[in-house]
Ligand SMILES: [Zn+2]
């Protein structure tokens, strides 16, 4: 279908277009033409002679980059962002679990969900992979808030059937049936912009029976799965004690069928070579959360080793382990933690996230035909955010 000229907009700015980890094309200036919510073209020549009726927006002194993809973030921890101290296991018990228990109250869940998606958008995140609380209703409410925001979101209710406080503990079958109902209701909604992602919290809070059922269901339905893997040394030891017959933490998930190309494992810090090989063979995706890892003193993910193993690594803010929803801040943390240039961090925050979600053909950079999801940045601050060409 031909798009009439008058619906076109041409943005003149510095434009950064991530192509590969070691290649981000910089246009200074570039002309980004948007039509019908999609990217029409990105050129270094002024296209106005050929597009006489397009609206022209000159923001030459600002930078346009693709909308950010946050591949690991906890909605029900938004209100405790920046609060708390200590390492993972005590932090969960002291700060996180009591806060997540509050999401049994739908009013509270609705209030925080709206604040959370507003804040994501304000930070330039146009696609997010989200952990909800254990509650079915609160997760339903989170999906409604995501829908209202207009961004892409993968959301899952966390599953916890052991080693969890009473207020959050579920029966195994209950956990499965709640998750499947949410999957049936939301996966693929809003023209595919909303996806359900099965979310067994982490191996220490899940029985093998639960994880195996999730593995079977995900395989049957081609569903996404997310969890945490090897974040903290005490956690790794605990998982070893809980699964004595399993050779490693990653092998626990592998045995349950949870390592697939549609699963995203956060952290992956203290992995042995055989675990890295397992992830690599399964083409499992890695969510790298350096700000959280530094804050909770979890350790530093061996970025080069995982990259050399061929793993797809994308970024996650891991709020509230990480104290900020800002992907720009996350990119700065990434440069230090992974010893990589800013351009590579930008790739991880955009196209790598799109690849993790099977969306590289739809979002992540400024290839023709992709959704016009982008941010305008000036002085290191996100000033404007566009979702499918519409300013939000
Ligand atoms: Zn997390």
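The values are calculated or read from the model by the stated rules, or taken from the named source; none is laboratory data. This structure is a prediction, so every number in the text was calculated from the model and none was measured. Cβ placement follows ideal geometry from the backbone for every residue including glycine, while neighbour counts extend to all protein chains displayed.
Some observations on this one:
- Out of 377, 319, 286, sole residue that is outside the structural domain of residue 123 (by TED's automatic domain parsing) and touching a strand residue (DSSP E or B) at 6+ places or on another chain (Cβ under 8 Å): 377
The rows are residues; the columns are (1) more than 16 Å from the ligand (Cβ to nearest atom); (2) touching a strand residue (DSSP E or B) at 6+ places or on another chain (Cβ under 8 Å); (3) closer than 23 Å to residue 23 by Cβ.
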| site | (1), (2), (3) |
| --- | --- |
| 36 | yes, no, no |
| 54 | yes, yes, no |
| 58 | yes, yes, no |
| 63 | yes, yes, yes |
| 71 | no, yes, yes |
| 106 | yes, no, no |
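- Evaluated against (1) closer than 19 Å to residue 231 by Cβ; (2) under 15 Å from the mean Cα position of the chain (by Cα); (3) in contact (Cβ under 8 Å) with a residue 40 or more places away in the chain, residue 262 falls short on exactly one condition, (1).
- Qualifying residue in the stretch 185-194 (condition: part of a helix (DSSP H, G or I) and in contact (Cβ under 8 Å) with a residue 40 or more places away in the chain): yes
- Exclusive hit being at pLDDT 95 or above and either in contact with a strand residue (DSSP E or B) (Cβ under 6 Å, 6 or more places away or on another chain) or not assigned by TED's automatic domain parsing to the domain that holds residue 164 (or both), set 132, 149, 113: 132
- Qualifying residue in the stretch 233-252 (condition: surrounded by 24 or more Cβ atoms within 10 Å (Cβ to Cβ), away from the ligand (no atom under 16 Å from the Cβ) and assigned to a loop (DSSP other than H, G, I, E, B)): no
- Selected residue [touching a strand residue (DSSP E or B) at 6+ places or on another chain (Cβ under 8 Å) and either without any contact (Cβ under 8 Å) to a residue 12 or more places away in the chain or within 16 Å of the ligand (Cβ to nearest atom) (or both)] from 343, 314, 324: 314
- Residue that is surrounded by the fewest Cβ atoms within 10 Å (Cβ to Cβ), among those in the stretch 77-87 that are within 30 Å of residue 351 (Cβ to Cβ) and away from the ligand (no atom under 11 Å from the Cβ): 82
- Checked against the criterion of being closer than 21 Å to residue 114 by Cα, touching a residue at least 60 places away in the same chain (Cβ under 8 Å) and surrounded by 15 or more Cβ atoms within 10 Å (Cβ to Cβ), the stretch 211-232 contains not a single residue that satisfies it.
- Qualifying residues in the stretch 287-310 (those that are without any contact (Cβ under 8 Å) to a residue 60 or more places away in the chain and surrounded by 24 or more Cβ atoms within 10 Å (Cβ to Cβ)) - the one nearest to the ligand (Cβ to nearest atom): 292
- Annotation note: of 113, 90, the sole residue that is surrounded by fewer than 19 Cβ atoms within 10 Å (Cβ to Cβ) and either more than 16 Å from the ligand (Cβ to nearest atom) or assigned to a helix (DSSP H, G or I) (or both) is 90.
- Qualifying positions in the stretch 263-282 - buried (at least 21 other Cβ atoms within 10 Å of the Cβ), part of a loop (DSSP other than H, G, I, E, B) and more than 16 Å from the ligand (Cβ to nearest atom): 271
- Failed condition for residue 69, given (1) more than 28 Å from residue 360 (Cα to Cα); (2) under 22 Å from the mean Cα position of the chain (by Cα): (1)
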